[in-house]
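The values are calculated or read from the model by the stated rules, or taken from the named source; none is laboratory data. Since the structure is predicted, the reported quantities are computational estimates derived from the model, not experimental observations. Heads up, the Cβs are rebuilt from the backbone with ideal geometry, glycines too, and the neighbour counts pull from every protein chain shown.
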Amino acid sequence: MNDQLRKCTQCGIEKSTDEFYTRKRDVSTKCIQCEKEYRIANKEKHRAYTKQHYIDNMSSYKEKASIWKKNNISKHRDSNLRANYGITIDDYNLIFDDQYGCCAICGTHQSELYQTLNVDHCHGTRDIRGLLCGKCNKGIGLFNDSIVLLDNAIDYLREV
């Protein structure tokens, strides 16, 4: 037990320094009991402050990220292509040129689309099959890349 005494700034009672939280360089100004009471009394206020601080920092982070993306669009695109498909922007451009800038299924040219052509890949092997417009990419995705289901859909359309 420590023989030194310290006066709590909250309750005004002199107590042993063992009854105060010890921080890196000094001892707390409030005793442990007063610290606990203060934390309980201000719990909701602290939560609200912490939540707002988090929201403020996230919006600031998102703004910075958005600005970076706008200023570094090709770096951002290259980074996404590497992370998601294991190809570079140059690889994408080669495929794009081989397809004459058109969707591999419907033939719609990139200039007629709102978004860039999607990289179509096999989910099992991760092999790149080509570039597709959003509609075609979603279409084969909704059929789970199943040739059987797509053949059934073709047969269905021919019968109607």
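A compact table of results
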| quantity | calculated |
| --- | --- |
| Enumeration of residues in the range 15-46 that are surrounded by 10 or more Cβ atoms within 10 Å (Cβ to Cβ) and among the acidic types (Asp, Glu) | Asp18, Glu19, Glu35, Glu37 |
| Every residue from the range 130-156 that is β-branched (Val, Ile, Thr) and either touching a residue at least 12 places away in the same chain (Cβ under 8 Å) or surrounded by 15 or more Cβ atoms within 10 Å (Cβ to Cβ) (or both) | Ile140 |
| Candidates Ile87, Ile73, Ile67 - the one that is touching a strand residue (DSSP E or B) at 6+ places or on another chain (Cβ under 8 Å), surrounded by 10 or more Cβ atoms within 10 Å (Cβ to Cβ) and of a type in the set (A, V, I, L, M) | Ile87 |
| Test: residue in the range 112-125 that is part of a helix (DSSP H, G or I), modelled with pLDDT under 95 and among the polar types (S, T, N, Q) | no |
| Every residue from the range 144-159 that is more than 19 Å from His123 (Cβ to Cβ) and either among the hydroxyl-bearing types (Ser, Thr, Tyr) or not in a helix (DSSP H, G or I) (or both) | Tyr156 |
| The range 115-129, residues that are surrounded by fewer than 16 Cβ atoms within 10 Å (Cβ to Cβ) and touching a helix residue (DSSP H, G or I) at 6+ places or on another chain (Cβ under 8 Å) | Gln115, Thr116, Arg126 |
| All positions within the range 52-100 that are closer than 15 Å to Asp120 by Cα, at pLDDT 95 or above and not in a helix (DSSP H, G or I) | Gln99 |
